[in-house]
Amino acid sequence: MSDQPSPFTQSLDVYSKQLHGRNLSRHTVTAYRTDLTQFFTWLLANDGTVVAPQDITRFHLIDYLASLSSLGRSGVTRARKLASIREYCKFLCAEQLLERSPAASLVMPKKERKARVYLRVDEYMRLLSAAMSNVRDYAILQLFLQTGIRVAELANLTLSDIDLNARTILINGKGKKQRLIYLEKKATQALKAYLDARMHSLDPHLFLNYQGTQLSVRGVMNVVEKYRNEAGIQKKISCHTLRHTCATYKAAKGYTVRQLQDLLGHEKAETSLLYTHLAETDGQKLMEQTSL
């Protein structure tokens, strides 16, 4: 048995290096690799004549998407996987391994629109109340609710990113893009209380675990889940739910699409526009509920 990597593995390694060269995040590169590896596994198991990427055809892709559908995979999942394969096929064409992309003419599967879950005022107040006795966890929840920061952005914050005198926070977002956010009074006070009690550590990260090192993304997720349970909130929520909560109430209070885009670090204004629609819908419901 040969120890030589397969043509699929070799091309995937070269493709991954190209993705890193495009300055894509480690998580994005991993997602591409995972999607493609799953496709290659299916391909080799279902067509014994395929030995290299050059053998991929349009019919393989149609059959693969159909098999994913039969397994109950959502339109969102199938669309993402097709997008990964499409980018890989473009790479094969650029490397002159394929004359024409077999994915070029395929129509993207229709994506289901997921309802954006967010907390009511009474729910996020109960969440904050449950964390009042822990200055670190309270500061984490306040930061989520007041700034709409992403969980990875929060976990990667360092002491030098915070300026309490200017009441600003520097966020290193997706694609290594930075944005400066002004802190509201509640978030500023919560951070000040935490910093006053923060243990001495050589680790420069803002939020530390009980060993004095960086609190991981999983650790932050566990904090949110802990207080969800303690607050008796029945709905399934996550760190991203708190981001949605922040954005929805900011939109309801008059934030423009551009202001939301700057706050949340959205690449496309259309993403921020969804929150203004949510706010308008809530306003219609409130008008009906308070009808005289």
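Return the only residue of Arg33, Arg58 being under 17 Å from Pro109 (Cβ atoms) and either touching a residue at least 12 places away in the same chain (Cβ under 8 Å) or acidic (Asp, Glu) (or both).
None of the other options fit; the residue is Arg58.
Of the residues in the stretch 225-254, how many are outside any helix (DSSP H, G or I) and crowded, with 22+ Cβ neighbours inside 10 Å? Write out each step before concluding.
So the first thing to find is which residues in the stretch 225-254 are outside any helix (DSSP H, G or I), and the list is 231-238, 253-254.
Add one more test, that the residue is crowded, with 22+ Cβ neighbours inside 10 Å, and what stays is 237.
Residues in the stretch 225-254 being outside any helix (DSSP H, G or I) and crowded, with 22+ Cβ neighbours inside 10 Å: 1 in total.
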By residue number, the members of the stretch 87-143 that are under 24 Å from Asp63 (Cα atoms), of a type in the set (Phe, Trp, Tyr) and in contact with a Leu (Cβ under 8 Å, 6 or more places away or on another chain) are Tyr88
If you go through the stretch 94-111 one residue at a time, do you hit one that is among the acidic types (Asp, Glu) and either part of a helix (DSSP H, G or I) or within 30 Å of Cys239 (Cβ to Cβ) (or both)?
-> no
Quickly run through the stretch 172-190 and pick out the residues that are within 16 Å of Val135 (Cβ to Cβ) and over 24 Å from the mean Cα position of the chain (by Cα).
-> Lys186, Thr188, Gln189, Ala190
Selection count, the stretch 153-169, where residues are aliphatic (A, V, I, L, M), modelled with pLDDT of 95 or more and not in a loop (DSSP other than H, G, I, E, B) = 4
Number of positions in the stretch 76-89 that are crowded, with 16+ Cβ neighbours inside 10 Å, over 19 Å from Leu44 (Cα atoms) and either touching an Asp or Glu at 6+ places or on another chain (Cβ under 9 Å) or free of Cβ contacts under 8 Å to residues at least 12 places away in the same chain (or both) = 2
Being among the hydrophobic types (A, V, I, L, M, F, W, C) and touching a Phe, Trp or Tyr at 6+ places or on another chain (Cβ under 9 Å) is the filter; apply it to the stretch 154-181 and report the residue that is surrounded by the most Cβ atoms within 10 Å (Cβ to Cβ).
-> Ile169
Counting just the residues of the stretch 1-46 that are of a type in the set (Gly, Ala, Ser) and in a loop (DSSP other than H, G, I, E, B), which one comes out nearest to Lys177 (Cα to Cα)?
-> Ser25
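The values are calculated or read from the model by the stated rules, or taken from the named source; none is laboratory data. Remember, it's a predicted structure, so these values are computed and weren't measured experimentally. Counting neighbours? That spans all protein chains shown, and the Cβs are built from the backbone with ideal geometry, glycine included.
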